[in-house]
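One structure is given below, encoded as structure tokens.
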Amino acid sequence: MMKPSRSAAAVLDVAQMGEADRRTAAAGTSTVQLMDNAGRAVAREIHRRWRARQVLVLAGPGNNGGDGFAAARQLAADGWPVRVALLGSRERLRGAAREHADRWGGPMEALVPAALDGAELIVDAVFGAGLNRALEGAARDTLAAAAARMIPIVAVDVPSGVLGDSGAASAAAAAKLTVTFFRKKPGHLLLPGRALCGELVVADIGIAPSVLAEVAPNTFENDPVLWATALPRPEPGSNKYTRGHALIVGGYPMTGAARLAARAAARAGCGLVTVAVPPAALAVYAAALTSIIVKPVATPQDLQELIADAKVSAFLVGPGAGVGPETLAAALAMLESGRPTVLDADALTVLQGDPKRLLRARGGACVITPHEGEFRRLFACAGDKLARARGAAAQVGAVVVLKGSDTVIAAPDGRAIINSNAPPTLATAGSGDVLAGIVAGLLAQGMQAFDAAAAAVWLHGAAAAAFGPGLIAEDLPDLLPCALRGL
């Protein structure tokens with residue numbers, strides 16, 4: 001079986017998808033044909049899920065409406081009872097959309113809530129991903145009425161009202177099924193758009209994958225195909241020193257966070273993990289961590305000596321470290337060492353108001369893992385989640401993991417990955433500390449920062465999904481071996 005390629009994980013924004021369409025048309029596959037293929041794909045997916053029933057196609061005035069006309073014609077040819085309700089007048093239709101309206105040949109009624117009478121399945125082909133304003137008027141009212149009547153909706157491209165580039169939504173009705181074409185868009189993966197798409201199918205409509213080389217996407221959906229070949233693998237002659245050594249700063253009295261991170265780093269394959277702790281906390285850490293080294297650190301000089309140890313290959317500071325000058329000093333010393341460093345939680349809070357201090361101190365690879373609250377305290381970046389993560393990464397020269405159900409991993413060079421495998425059970429105390437530990441463990445083994453961050457986020461989600469309900473953060477480190485074995 002052929003392995004999936006990196007291009008399969010590419011995500012195209014609305015402009016890039018338009019360019020892919022144009023290049024395909026220029027190469028000989030007309031827009032009319034692409035639209036026909038799209039309509040057939042929508043009809044095919046409907047056939048796979050429903051028996052014949054009364055279908056109402058809601059068609060807009062643009063290309064999304066043209067896809068809807070093509071789907072209506074195909075369903076009718078297959079013997080389904082189909083009606084079409086058009087937003088606006090037929091005279092507004094242009095180009096390929098007008099061609100498919102003419103091919104439909106059947107009656108068209110006004111797109112108003114009253115058109116829903118008798119409908120048992122709705123095809124939403126009103127606007128698609130190109131909409132850049134709030135859904136309003138008859139389209140909003142009709143889709144809201146369909147949702148209120150609980151009529152199943154099949155969205156063409158994206159549910160009308162969802163912005164394709166950001167996932168932002170205004171008055172969009174949730175679809176049971178969304179059929180999009182060639183590649184996903186950010187709006188399919190970012191919330192709230194992802195939640196409104198229902199089941200998502202990406203259909204082949206005749207656009208060649210080679211078009212991607214010309215479109216040059218720099219956004220991807222997180223998938224092992226992007227980084228699996230870079231995952232550290234022990235060699236026959238490996239020993240604990242060659243498999244990486246992670247140093248984690250542990251705090252007191254909040255001892256659980258660093259312990260979770262340390263166990264996660266070890267489970268991610270790190271050969272040695274050391275936790276530097278205040279002397280008062282030594283017994284707590286030592287009693288809970290068996291294979292992990294616990295070092296008492298009484299003075300800043302003690303920590304400096306640990307950081308200076310050339311055998312340490314990556315650092316993590318922040319989980320449970322405390323918001324104070326000691327945490328700031330530790331973060332800056334680790335950054336200045338030139339070795340890979342992960343900053344999480346309290347280490348981000350102490351940089352509040354001056355994130356560029358991170359850039360000034362950074363001597364090597366750095367990954368920061370803020371949740372939305374920490375991000376807002378650090379950065380003034382505007383825009384959607386993708387834009388904000390990219391802006392922050394460029395600002396501080398670090399890989400940014402902007403956490404959430406739709407985590408975005410952004411590199412300073414503009415590349416970004418959207419994660420979609422995280423189950424809601426990850427919304428539990430300590431899960432972020434585990435994620436930071438996984439990143440540190442992979443960095444310590446020599447993985448590049450962007451790949452390590454993406455791999456850690458995916459493994460974190462896969463581990464949680466495998467466990468199911470009742471998950472707590474303590475479960476996650478011991479679930480990592482199974483997630484890794486699956487790769």
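The values are calculated or read from the model by the stated rules, or taken from the named source; none is laboratory data. Owing to the predicted nature of the structure, the values given are computational and were not obtained by experimental measurement. Reconstructed Cβ throughout: ideal geometry from the backbone, glycine too, with neighbour counts over all protein chains shown.
For this structure, a couple of remarks:
- Near pairs, Cβ below 7 angstrom, 6+ apart or cross-chain, from the stretch 452-474 (at pLDDT 95 or above) to any residue that is of a type in the set (Ser, Thr, Tyr): Val457/Thr407; Ala464/Thr425; Pro469/Thr425; Leu471/Thr425; Leu471/Thr428; Ile472/Thr428; Ala473/Thr428; Ala473/Ser431
- Flag if Arg259 is of a type in the set (Lys, Arg), in the same structural domain as Ala331 (by TED's automatic domain parsing), under 30 Å from Ile417 (Cα atoms) and without any contact (Cβ under 8 Å) to a residue 40 or more places away in the chain: yes
- Of the residues making up the stretch 236-257, those that are among the polar types (S, T, N, Q) and within 31 Å of the chain's Cα centre (by Cα) number 1.
- Taken over the stretch 268-321, the criterion of being buried (at least 21 other Cβ atoms within 10 Å of the Cβ), among the small types (Gly, Ala, Ser) and assigned to a helix (DSSP H, G or I) is satisfied by Ala281 alone.
- Residue in the stretch 387-400 that is closer than 26 Å to Gly256 by Cα and in contact (Cβ under 8 Å) with a residue 12 or more places away in the chain present: yes
- Within the stretch 130-149, residues that are in contact (Cβ under 8 Å) with a residue 12 or more places away in the chain have Cβ atoms under 6 Å from residues that are in a helix (DSSP H, G or I) in these pairs: Gly130/Val14; Asp141/Pro113; Thr142/Pro113; Ala145/Pro113; Ala145/Leu116; Ala146/Leu116, counting only partners at least 6 apart in sequence or on another chain.
- Any hit, the stretch 245-252, residues being in contact with a Phe, Trp or Tyr (Cβ under 6 Å, 6 or more places away or on another chain) and within 21 Å of Gln448 (Cα to Cα): yes
- Residues (in contact with a strand residue (DSSP E or B) (Cβ under 7 Å, 6 or more places away or on another chain) and over 29 Å from Asn132 (Cα atoms)) located in the stretch 55-80: Leu75, Ala76, Trp80
- If you go through the stretch 153-183 and keep only what is of a type in the set (S, T, N, Q), buried (at least 24 other Cβ atoms within 10 Å of the Cβ) and part of a loop (DSSP other than H, G, I, E, B), you end up with just Ser160.
- Of the helices (runs of 4 or more DSSP H) contained entirely in the stretch 402-487, those carrying at least 2 residues that are surrounded by fewer than 17 Cβ atoms within 10 Å (Cβ to Cβ) fall at 449-467, 476-485.
- Residue, farthest from Leu435 (Cα to Cα), within the stretch 359-386, restricted to residues that are small (Gly, Ala, Ser) and buried (at least 17 other Cβ atoms within 10 Å of the Cβ): Ala361
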